[in-house]
């Protein structure tokens, strides 16, 4: 059942706080059931888009055919979901929006998930997806790489791998609330505990071993991109909320990554651009599109030369995010909407149990 945008917009944070208990206590199958129900309620209806399914060596992928896209451009999107779940409606909606705003075709792999397939299955599938694009004739300078949360981790971990293999690097990269340090050593993991409406510290420590079985895997630069060598990589845009447990994952990564452009959005939850009913999400999406279009312009949209493998174009400037924030609903209206959202959340919890 799709919920009205006005209801979702003004009750989103309270609903997330109720659902936070799912992430702390649920097993993977319960998380997948909750994710499917959430995707049904919040995801975009993609039936009007031209899509087709592709077979990669170890997983499937969805190809988005955007009518206004330029044939040479493609956006490779790596979805989040704690390496455990997939929400095609939410992530497909964001990918389709970005593709339309940047004149790109889209590719989203359904990489193998934990606990059935632990690290490094997911990174290997993402590398296969990028290699598939190169094999189809797409040039690195026309590929945009993006991902959120776990998918942001996969995107950032893919970059040094491409560079070290001598493969043509993407034009630019977008990472939304990425997990960059799987050792969970960032100060915000504890500092923002109780402030983050989606996660708590206990949930983070409980979910990590589902994907990464031991400390050696967590310290592998492929799993923790913060520990990788980050020189000679493409322009990067990071977006993160100020109250997230993973805030420091973005802050520290931006310091280490040459030329990274960081946007910290005040009081926004984890991967908020996914949620199309939030005004800030639409603003953040526009910032992403502006970033990508600026990179295409900077690199020369119709340039005929190939990018030299292992090198990247200079980053183009990006304006700061807008400061405006919508006012909350006053009085009883807001309380009634919060109560309705709470009931919807409790229904989701019961359904996933």
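No value in this document is a laboratory result; all are computed from the given coordinates. What you see is a predicted model; the values in this text were computed from it and never measured. Positions of Cβ are backbone-derived with ideal geometry, glycine not excepted, and every protein chain shown enters the neighbour counts.
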Q. To the nearest 0.05, what FRET efficiency results for residue 45 and residue 216 with a Förster distance of 41 Å applied to their C-beta separation?
A. 0.40
Q.
Between residue 30 and residue 242, what is the label-point separation in nm under the 7 Å Cα-to-beta-carbon projection?
A. 3.4
(Q) Just to be sure I understand the model, the point goes 7 Å from the Cα along the line to the Cβ. What's the resulting residue 55 to residue 193 distance in nm? (A) 4.8
Q: Just report the Cα centroid separation between segment 81-95 and segment 99-142, whole Å.
A: 14
Q.
So, R0 is 30 Å and r is the distance between the beta-carbons of residue 71 and residue 283; what FRET efficiency does that work out to, to 0.05?
A. 0.50
Q | Sorted by Cβ neighbour density within 10 Å, fewest at the top, the residues 210, 173 | A | 210, 173
Q. What is the log10 of I(q)/I(0) for segment 43-322, computed with the Debye formula using one identical point scatterer on each Cα and no solvent, at q = 0.11 Å⁻¹?
A. -0.55
